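Colleague: After the structure tokens below, expect a handful of questions from me.
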Amino acid sequence: MRNNRCPKCSSEHIMADVEVRDWGPNGSHPLRVHITEPEPDKHGFIWKQGSSAGAVRAWICAACGYTELYTDNLGELYDSYRKGHPGPPYGP
Ligand SMILES: [Zn+2]
């Protein structure tokens, strides 16, 4: 879809990089994913919970409504994710 063609209906009328909003107690706000890191085995008395977030953006086909969502801030998100899910290092 980010190549400006709908994979469902082949239309080239794509609304790109559209903000996705949600509503909370303080009104509307951009939708984000959030990853909370696990508590480390050892830490001091004063310790801050690690986390990171990424904004979700939409690509929408104007002909059929098919929608794809993409998240930004991938480097920080994956670093936080790996702290709870060990795996291969980030990078090409
Ligand atoms: Zn379409």
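Any read-out appearing in this document is the output of simple, stated calculations on the displayed coordinates, not a laboratory observation. Only a predicted model underlies this, so the values are computations on that prediction, with no experimental measurement involved. Virtual Cβ from ideal backbone geometry, glycine too; neighbours counted across all protein chains shown.
Colleague: Please sort by residue number the trypsin sites (Lys or Arg not before Pro) in the range 39-92 whose DSSP state is loop and whose Cβ has at most 15 other Cβ atoms within 10 Å.
Modeller: Numbers: sites: 42, 48, 57, 82, 83; in loops: 42, 48.
Answer in residue order: 42, 48.
Colleague: Test of understanding: what is the full-extension gain from residue 56 to residue 26, defined as 0.36 nm times their sequence separation minus their Cα-Cα distance? The partial results should precede the final answer.
Modeller: Numbers: separation 30, 0.36 × 30 = 10.80 nm, distance 1.91 nm.
Roughly 8.9 nm would be gained on extension.
Colleague: Which loop chymotrypsin sites (Phe, Trp or Tyr not before Pro) in the range 28-81, with loop taken from DSSP, have no more than 16 other Cβ atoms within 10 angstrom of their Cβ? Present the calculation step by step, with values, prior to reporting the outcome.
Modeller: Working: sites: 45, 47, 59, 66, 70, 78, 81; in loops: 45, 47, 66.
Loop-located and lightly packed - 45, 47, 66.
Colleague: Kindly provide the pair-distance distribution of the chain built from C-alpha pairs, with 5 Å bins from 0 and whole-percent values in order of increasing distance.
Modeller: Binned Cα distances yield the sequence 3, 12, 16, 14, 15, 14, 12, 7, 3, 2, 1, 0.
Colleague: With +1 assigned to the C-beta of every Lys and Arg and -1 to the C-beta of every Asp and Glu, and no other charges, what is the dipole magnitude of the range 1-87 about the Cα centre in debye, to the nearest 20?
Modeller: Details: 10 positive and 11 negative charges, 20 e Å.
Here the range 1-87 has a charge dipole of around 100 debye.
Colleague: What distance in nm separates the simple spin-label points at residue 64 and residue 4, each placed 7 Å from Cα in the Cβ direction?
Modeller: Output for this residue pair reads 2.0 nm.
Colleague: Here's a follow-up. Of all DSSP beta bridges in the chain, what percent run antiparallel (nearest 5)?
Modeller: Values: 18 of 18 bridges.
Around 100 percent antiparallel, to the nearest 5.
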